[in-house]
1. Need one number: nm distance between label points at residue 61 and residue 73, each 7 Å from Cα along Cα→Cβ, rounded to one decimal.
2. Non-local amide H neighbours of residue 37 (under 5 Å, H modeled in plane, Pro and chain starts lacking H): which ones?
3. Apply the Karplus curve 6.51 cos²θ - 1.76 cosθ + 1.60, θ = phi - 60°, to the phi angles in region 33-39 and return the couplings in whole Hz, x for Gly and Pro.
4. Under a cut-off of 16 Å between alpha-carbon atoms, report the lysines in cross-link reach of residue 132, not counting same-chain residues fewer than 8 places apart.
5. What span do the alpha-carbon atoms of the chain cover on each of the three principal axes, reported in whole Å from largest to smallest?
6. Multiplying the sequence separation of residue 28 and residue 163 by 0.36 nm and subtracting their Cα-Cα distance, what value in nm do you get?
7. Going by C-beta contacts inside 10 Å, put 59, 81 in order with the fewest on the left.
8. To make sure I understand, if each residue's beta carbon is the centre and we count other beta carbons within 10 Å, what order do 54, 99 fall in, fewest to most?
Amino acid sequence: MNGSVLVLNQNFEPLNICNLKRAFVLLWLGKAEVVRYDSGQLHSVSEAYEIPTVVRLSHFVRRPLPQLKLSRKGVFARDKHVCQYCGHTGGELTLDHIVPRDRGGTNDWDNLVCCCLKCNNKKGNRMPTEAKMLLRKKPRKPKYVPYIAYPRFMSAIKTDEWREFLIHYMKDFDVLMGE
């Protein structure tokens, strides 16, 4: 039973992404209802069950709003694994401090960008203007989607069946459109 299922709170707010087995348990216990089915079926000895892709909990779950933590995966997801200096995708990517740490640069969303090794070596321990390099866009802290980790959300938004439930929590529409 492989597959992922989007779990929505009673008010249709995205809560989690769980595996198919967990979703079937929630449905079997009456704790959730199916909002959208996948095209496939799961067969037992005597029955066939449609595979859910989105489920909604039967009762409202209160959770404190989590804080978005800075992480390497989060920066790569925000920048869509594209070097923010030259636009290179794939290959070996690293993080670059726009303002170098020894010049007072900090480890935060506004000072870290995804960078290819070539550009990172070219920039070195200088400011982008000193290295005659321009950023493709100004880095900023992403708008957080409640309860789902940012890198996981960025993967989930690409799933067609889930997009309509997640798009309301995505403020950076340029990320959705691939711009």
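Nothing in this text is a laboratory measurement; each read-out follows from the coordinates by a stated rule. From a predicted model like this one, the values you see are computed outputs, not experimental measurements. Backbone-built Cβ (ideal geometry, glycine too); neighbour counts: all protein chains shown.
1. Each label point lies 7 Å from its Cα, and together they span 1.8 nm.
2. Those qualifying (amide H under 5 Å, at least 5 residues apart or on another chain) are 53.
3. Calculated HN-Hα couplings, in order: 10, 7, 9, 8, 9, 7, 7 Hz.
4. Within the straight-line cut-off, residue 132 pairs with 118, 122, 123.
5. That works out to 69, 33, 24 Å along the principal axes.
6. Numbers: separation 135, 0.36 × 135 = 48.60 nm, distance 2.56 nm.
Result: 46.0 nm gained on full extension.
7. Details: 59 8, 81 14.
Least to most surrounded, the residues fall as 59, 81.
8. Values: 54 22, 99 13.
Going from sparsest to densest Cβ surroundings: 99, 54.
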